[in-house]
Structures are given as C-alpha cells and as structure tokens.
Number of protein chains: 2
Amino acid sequence: MASKFSYEIIHVDKQTGARVGKLTTPHSVITTPVFMPVGTNATVKGLTPEELKDLGAQIILSNTYHLFLRPGTDVLDAAGGVHKFMNWDRSLLTDSGGFQVFSLSKTRKIKEEGVEFASIIDGSKQFISPEKSIAIQNSIGSDIMMAFDECTPPGVKYEYAREAMERTLRWLARCYEVSKDNPDQMLFPIIQGNMFEDLRIESARRTAEYARCGIAIGGLSVGEPKEVMYHMLEIMRPYYPDDQPRYLMGVGSVDCIVEGVVRGVDMFDCVLPTRIARNGTAMTRVGNLNLRNARFVKDFRPLEEGCTCYACRHYSRAYIHHLIGKDEMLGGRLLSIHNIHALMRLTEDIREAIMEDRLMDFRDEWAANWKDKITED
Amino acid sequence: MASKFSYEIIHVDKQTGARVGKLTTPHSVITTPVFMPVGTNATVKGLTPEELKDLGAQIILSNTYHLFLRPGTDVLDAAGGVHKFMNWDRSLLTDSGGFQVFSLSKTRKIKEEGVEFASIIDGSKQFISPEKSIAIQNSIGSDIMMAFDECTPPGVKYEYAREAMERTLRWLARCYEVSKDNPDQMLFPIIQGNMFEDLRIESARRTAEYARCGIAIGGLSVGEPKEVMYHMLEIMRPYYPDDQPRYLMGVGSVDCIVEGVVRGVDMFDCVLPTRIARNGTAMTRVGNLNLRNARFVKDFRPLEEGCTCYACRHYSRAYIHHLIGKDEMLGGRLLSIHNIHALMRLTEDIREAIMEDRLMDFRDEWAANWKDKITED
C-alpha cells in the first residue's frame, strides 16, 4: 500500500536552494513554503474553519498540552478526534506538549521516564512521557505528530544543553517506536541543541535518522537575537534530509519567514498574527501598524493598499480603530483575517519567487522596504 | 414625490388582531413582526454584516449615546454615516440616547433644554437636547430615528412620572420640528408614562399625534414584573395608530416577544441574544441552555435538535462547552449566531401563525412547553 504521506519537490530556487514542494497528508495537499495558523484549543482564535479555508489554509496547528488538560482525551476520543470536534477537514499538526511543559507550567520535574508538571488550569500534578504524548496525539488524530522533546531556554550551560539534547534523542526513539506503524499519523522528529553549533549539528544529524516525511527545528525564536537564529539555521542546513520538508517551530513574523525560507525552511507556525491582531496590530508587507494609534481616527483607507482580504475590501482603518478602541470582538476578528491573509500572501509571493529562481532578489527588495514598526504612512 | 417610508398590513390574525406587515425604508423592506439585533457601537458584537444578512436581518439598531461619545459625529460625518462606516446596506434604527443618559451615566442634570451628564468613557461633562439627539442621528444616517425622551424607572412617584411624561412630549414636539422635513429619516415618537395606567393612555394618545410611520413604547422591561408589562401593553393598545408599526423597545426574550405580538406589537430589539451568548447561554424554543454546565462535556448533540443555524449544522454542545470554558471568541460567536437565528425563526413562526389565523393556538402551544431555564434535556 502506498503511504498516505509524501513530499514532492516541485522546484529548487537557483539563487538560494529554497524549495517549492507538495506535502501530502490523509487530509490535504500542502504547498510549501507554508505558514500554518495556530488553533491552540482546537480553534484558531475568533475564526471559523470556513474562514480559514477562504484564507487558503491547508493545515493548522493544535496544542497537545492544552487539549490534554481541556477537554481531555476521553472527550476527544468520544468526539472522534479534533478534526470532527472542531469541524476541520484539512490537515492538522500537533506539537508534542514538550514546549508548553517547559514554558507554561510553573513547576516541573524532569525524569528519564517523562516530565511531571503542574497544570496551568488548576495546578494539579500531571505527567507526560514520550509514549503519553503520542497517545494524546493519537486521541487528537492529527495528521502530523511532533516528538516529545526538551526545549532549553537561551543561556543554559553547554553541559545542560547536551544533556537535554541527549534526553530528547532518547525520547525521540521512544516516540518513534510507538508511532512508526501508524499509517494515518506521521511523526516529525525535532532538532534541539540550544545555541551551540556543535550540538545543533550533532542533533540535526542524529535526529534526521528518525525523519520519514519531515523534520522540525525546535528551540529557536525563544528569546535569542534573530541573527543567532539565522546563524543556527545556516549551521544545520547541510544535515537535513534533502527530500523532506523542514519545519521551523513557533516562527511567524514576516522577516523571520523570509529569512527562514532563504535558509532552507519549508514550514512555519506561530500564534503571532492572531495574537497581535487581538491587540490591535495589522501586519503589512512593509511592517506592523498599531491600529490603536489616534492618527487612524479619520483614516478611511484600508489597512493595506491593494490588499484583497475581507477586512481590506470592506472596512477602513478608522472603523477598525473604533472597534479596537471599544474592545469589540469584530476588531480582533478583522485583524486576524488580515494578518493570516498577509502571511498566506507572503508565502505565495515567496513560492512564486522560488519558481522563477529569484528568491534572493525578492528577499533584498523586501528588506529594503521593511520597517519593524510603521509610525507614519 | 412618494415617501420613502411606508407600512403595509398584509394580514390581521383573527384570534388576536396581531398583524403581519411590510415596513419599507430607503434601505430595505422589513417584514413584521420583526426582531432587530443590536449593534451598540456600530457592530453587532462578534458578527459581520454578511452573517447578519445570512441570518435574515433586514434591520439592526445602533446607539446614539455610544456613537456620540465614540467615535463622535465628526468621524461619522467624515465616514458618510454608519451604513458606510460599518458596511451595512440594509435598514438601521437608532435610539435617541435618552435611555442611556438615564441608565448609564452616573450623574445627570435634567433641564427643559436637555440633559447634562457625565460620559461613561471618561466622566467628561456632556449635553444632549432633543435637537442635538436628532443632529447626532442625522450624522449616523439611520433610517429610523427615535425621539429624545425621559425614561423613568419603576417605583417613581406618580407626580414625577407625569412630569417626565409631559417633558417627553415637549421634547417630542421639538424632535418632530427638526425632523419632519427629512425625507430619508423617519422619526418614531416614544410613549412613556411609567406603570400608571392613566399616564400610559394619555401618553399613547398624545404621542400618536406625532407618529407618521411608526410609534414606540418605551419605559417597559426596565425591572417591573412581566405581568405588569403585559398589562400596560393591553392598556395602551386601543390608542396606537392602526396603520403603523408598534415598536416595543429593549425587549428580546422569547416569552416577551410571543406575549408582545399577541398584544399588538410589531417590532422588538434587545442586546439579550448576543449578551447571553457571550456568557454561554443558548436560546431554544423551550427555554435557555447554560452551556457552561458540566453535563455538556460529552454531549455531541447540536445546541437544538432540528435547528438549521450554522452553529447547529457544524458543532456539538460538547465543543461549544469547551470553547466557552476556555473563553474562546468562537464560543460567543457561535452562540450569538444561534440565538439571533432562534429569534429570527421565532418571528418567522409567529408570522406564519398570524397568516393562518392561529396565533393564539401557537402561543398556547409554545407556553405549554416553555421553561425559563432548562436544567435537563
């Protein structure tokens, strides 16, 4: 029987080696480079599945840590998985819960068996092991499962980073063991190694042995300077499997996506576009607009000139400024639509540039116009 | 030139005298009895205009008091009115700000000229007179404007209720004066009189003189027992103009709509369906469901069996329970859609019963099944 998962490379950019590819899962075909919107609690905040489809999303993320605590696997099993629970019939990717165990829970105890931690909901004692992480992801029914890993923050000592990397590799072997015969869910292993060049290389090399249809890069964009992240991406690049997509976890700003693709990354995800939307920020080709600013009170232009998203076709900056100022749900909703659309359009433009072997030109042109924050326009 | 406003009675129910009618405004034709969703700040909380149209809304409300304070008339004038500002091309009705001046502002000073009050936004001193209320509603560009009135709470002394009623009538004359020649905006006068029978009758009689294409009933559903409201509706009924729609302000629960139509009311509005939606409550034919209740955790039935709304077609009670518990925007959105749909369907059923001269039978059947709150099903 042919595998339900495959990755086909359509074109390799002559300037950068970046690729356009097609990743097939049991639920959809995903063209890479791709940005994946995040639906932490089995919902992309404020949006319906139909809106996500209209925006062109072929795959979204959900969160193993959060869904394990609420609603719990008994509900997910009874629901028949998250696809049915949330009415999403395209691809779904779940992280392993590893990152949240380390970043969200106030106390945790790391053992060889797994991690004991306090629930963010009620402080109750919980336990996730590699096997349990996969079992939860089985209940979720995601197309792509992530291996349970230990993500170390920037600044840890070399010895600890190596220890965590070795543990992550041992946990990976256990995740692999309980998922390798699952025809409906593909495991992506995760490279760690903190900001140490030799650990990153060693982790990439040894992690690649477990990669069948995709490999992930974890532990970046966790507080280190962007240049450090870009450097780590360059260091690891020779060691990825050539014929599989590479997924840079938790990255979703315009600049990091452009610079990531140039350095060989195919997949991205982040809560950023929807989180900053709820705070009143619009992402544009040239930088971020803070719609709370009083200068928008009578600005009847769309969020972004030439943008074809629902928000830009029907509403003005003045109206969205009004909604955000009054804390109206529609404000965050319109900005979420605009921001996800902006990243969908960005990856579309990137794919077009790759197909035409001009990604470096595209990158340089983009960088010449880019401002981190727009204060006038 | 023919007026841009008209009301045509299609059928009068033989059992109750309730009517099905068509109210025409410059922006749409509204079939009555009608429920009008409320968009206080130029947005029906959480919903787009397209969703409201899909739900069958021909008219929505907006709030003069709130829009006067934010974004203010200079912005509304620059935007070309609220229709354009919020992307709504069907009918719009605005209240006069009178009710909010009396119910929301902590301090106020009532003078013959108008009312001085403290803004709920920043406590700043503000002033609205009858003429100013109409001027704000001109900036908003609503199809139906309400007269500026004084709404007294239940429990005030007879003398004060009469004084307020007389003042409301004098203010009405001033509102009429500055709106009678406006071909695009129709003024609805408002009956007051607190819970005093003779005042209600006198107010209805004298207010009717200013009614050209609709009359409103104010000062009810403000805390008095429902039976008192129903009694007041019966008392006033002989004094409404026969050929115009009657609008019972601020009423939007299932029971009050049914009982209101039976007593001759044609138009209703309320924040209730969207407000209780955000709190996790679903309105059904037989009562309200509190989706926060733990009994829904594995209940994979739709909110209401047989309901054809978007929420019921695609999502389970278990999923909505999960969303509401996690404070996810989509939860309030799905319940808002369901609740507005429930009231749209209710008024549709009511119109059908009227057309078939069986409204009293419909009312009795409904009442036999009605529970204020459903704790089991």
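The values are calculated or read from the model by the stated rules, or taken from the named source; none is laboratory data. It should be emphasised that the depicted structure is a prediction, and the values quoted were computed from it without experimental measurement. Here the Cβ is made from the backbone with ideal geometry for all residues, glycine too, and neighbour counts use every protein chain on show. Only protein heavy atoms, including side chains, enter the accessible area calculation; ligands, DNA and RNA are left aside. Shrake-Rupley method; radii C 1.70, N 1.55, O 1.52, S 1.80 Å.
General observations
- Close pairs (7 angstrom Cβ cut-off, 6 or more residues apart or separate chains): within 7 Å of chain B (Cβ to nearest Cβ) in the stretch A:314-326, open to solvent by less than 10 Å² (accessible area, probe 1.4 Å) and among the β-branched types (Val, Ile, Thr) anywhere: A:Ala318/B:Val75; A:Leu323/B:Thr43
- Of all residues making up the stretch B:292-322, the number that are of a type in the set (A, V, I, L, M) and surrounded by fewer than 24 Cβ atoms within 10 Å (Cβ to Cβ): 3
- Once the stretch A:145-180 is narrowed to residues that are of a type in the set (Asp, Glu) and touching a strand residue (DSSP E or B) at 6+ places or on another chain (Cβ under 8 Å), the residue that is surrounded by the fewest Cβ atoms within 10 Å (Cβ to Cβ) is A:Glu150.
- Residue count for the stretch B:50-87, restricted to those that are touching a Phe, Trp or Tyr at 6+ places or on another chain (Cβ under 9 Å), at the interface with chain A (Cβ under 8 Å from one of its Cβ atoms) and part of a helix (DSSP H, G or I): 5
- Selected residue [more than 12 Å from chain B (Cβ to nearest Cβ), surrounded by fewer than 21 Cβ atoms within 10 Å (Cβ to Cβ), part of a loop (DSSP other than H, G, I, E, B) and over 22 Å from the mean Cα position of the chain (by Cα)] from A:Glu131, A:Glu112: A:Glu112
- Leading residue by the ranking (farthest from the other protein chains (Cβ to nearest Cβ)) among those in the stretch A:10-30 that are closer than 21 Å to A:Gln185 by Cβ and touching a residue at least 40 places away in the same chain (Cβ under 8 Å): A:Gly21
- So B:Ser124, is it surrounded by fewer than 15 Cβ atoms within 10 Å (Cβ to Cβ), of a type outside the set (D, E, K, R) and more than 14 Å from chain A (Cβ to nearest Cβ): yes
- Failed condition for A:Ile136, given (1) in a helix (DSSP H, G or I); (2) open to solvent by less than 40 Å² (accessible area, probe 1.4 Å); (3) farther than 19 Å from A:Leu67 by Cα: (3)
- Residues in the stretch A:88-109 that are in a loop (DSSP other than H, G, I, E, B) and open to solvent by 10 Å² or more (accessible area, probe 1.4 Å) were compared, and the one that is farthest from the other protein chains (Cβ to nearest Cβ) is A:Thr107.
- Scan of the stretch A:238-262 for residues that are open to solvent by 30 Å² or more (accessible area, probe 1.4 Å), more than 16 Å from the chain's Cα centre (by Cα) and in contact (Cβ under 8 Å) with a residue 40 or more places away in the chain, ordered by number: A:Asp243
- For the stretch A:334-365, residues that are open to solvent by 30 Å² or more (accessible area, probe 1.4 Å) and either in contact with a Lys or Arg (Cβ under 8 Å, 6 or more places away or on another chain) or among the aromatic types (Phe, Trp, Tyr) (or both) total 2.
- Which listed residue, of B:Leu289, B:Leu233, B:Leu272, is surrounded by 20 or more Cβ atoms within 10 Å (Cβ to Cβ) and over 23 Å from B:Arg351 (Cα atoms): B:Leu289
- Some residue of the stretch B:345-367 being within 30 Å of A:Thr40 (Cβ to Cβ) and part of a helix (DSSP H, G or I): no
- Scan of the stretch A:4-59 for residues that are buried (at least 21 other Cβ atoms within 10 Å of the Cβ), of a type in the set (Asp, Glu) and under 30 Å from B:Leu330 (Cα atoms), ordered by number: none
- B:Thr207 passes every criterion in (1) open to solvent by less than 20 Å² (accessible area, probe 1.4 Å); (2) in contact with a helix residue (DSSP H, G or I) (Cβ under 8 Å, 6 or more places away or on another chain); (3) not in a helix (DSSP H, G or I) apart from (3).
- Meets criteria (in a loop (DSSP other than H, G, I, E, B) and open to solvent by 20 Å² or more (accessible area, probe 1.4 Å)) for A:Pro183: yes
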